[in-house]
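Here's the structure, in structure tokens; my notes come after.
The values are calculated or read from the model by the stated rules, or taken from the named source; none is laboratory data. The shown structure was predicted, so the numbers you read here are calculated from the model rather than taken from an experiment. Here the Cβ positions follow ideal geometry from the backbone for every residue, glycine too, while neighbour counts run over all protein chains shown. Heavy atoms of the whole protein, side chains included, go into the accessibility calculation; ligands, DNA and RNA do not. Shrake-Rupley method; radii C 1.70, N 1.55, O 1.52, S 1.80 Å.
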Amino acid sequence: MYKVFINELALNFADFTENLEPCYERECDSILAFGQSAEEIVLRLRNSGFKNILIRTDYLEKEWEQFCTLFVFVEAAGGLVRNEALEYLFIKRLGVWDLPKGHLEKGESLDQAALREVLEECGDLNLELEHFIRYTYHCYFFKDKWRVKRTAWYA
């Protein structure tokens, strides 16, 4: 299953074999029903009035790849930092609470980028990289183009 966020809207891609809880406001069969460009898809999703949409498909990887080709693909990495008291580190960016993350630099691995971004945004915390957690996906508009950002998260 893939879940991509477009602001507060969650667009979920799943195959028919996945057993999911009935928590989706709208279910549809194919992303092709939404349009042929990133702009058309985002506009239709935003105008749908729904916050959680599920796309069920027999061709999960193909549908997901087709969706991603409509956007500029961006790689990022970040850290879920927890201290010994089990408190999590958040940063306030542009008035919104967030986790430290950022884009990969040329030649950098995902885990190196996660450590570098936390260091740059939060200072030297004497961090130890534990393990990969998961990828998240987010669509946003920047410099006249829609982008889909895949963020690799590490503990």
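In table form, for the structure just shown:
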item: Looking only at the stretch 23-46, and only at residues there that are polar (S, T, N, Q) and open to solvent by less than 70 Å² (accessible area, probe 1.4 Å), the one that is modelled with the highest pLDDT; result: SER37
item: Residue in the stretch 109-125 that is in a strand (DSSP E or B), among the aliphatic types (A, V, I, L, M) and out of contact with any Pro (no Cβ under 8 Å at 6 or more places or on another chain) present; result: no
item: Qualifying positions in the stretch 88-111 - closer than 12 Å to GLU75 by Cβ and either touching a residue at least 12 places away in the same chain (Cβ under 8 Å) or aliphatic (A, V, I, L, M) (or both); result: LYS101, GLY102, HIS103, LEU104, LEU110
item: Scope the stretch 123-155; condition of a type in the set (Lys, Arg) and open to solvent by 70 Å² or more (accessible area, probe 1.4 Å); matching residues; result: ARG134, LYS143, LYS145
item: All positions within the stretch 83-108 that are open to solvent by less than 40 Å² (accessible area, probe 1.4 Å) and in a loop (DSSP other than H, G, I, E, B); result: LEU99, PRO100, GLU108
item: Residue within the stretch 15-22 that is modelled with pLDDT of 80 or more and outside any loop (DSSP other than H, G, I, E, B) present; result: yes
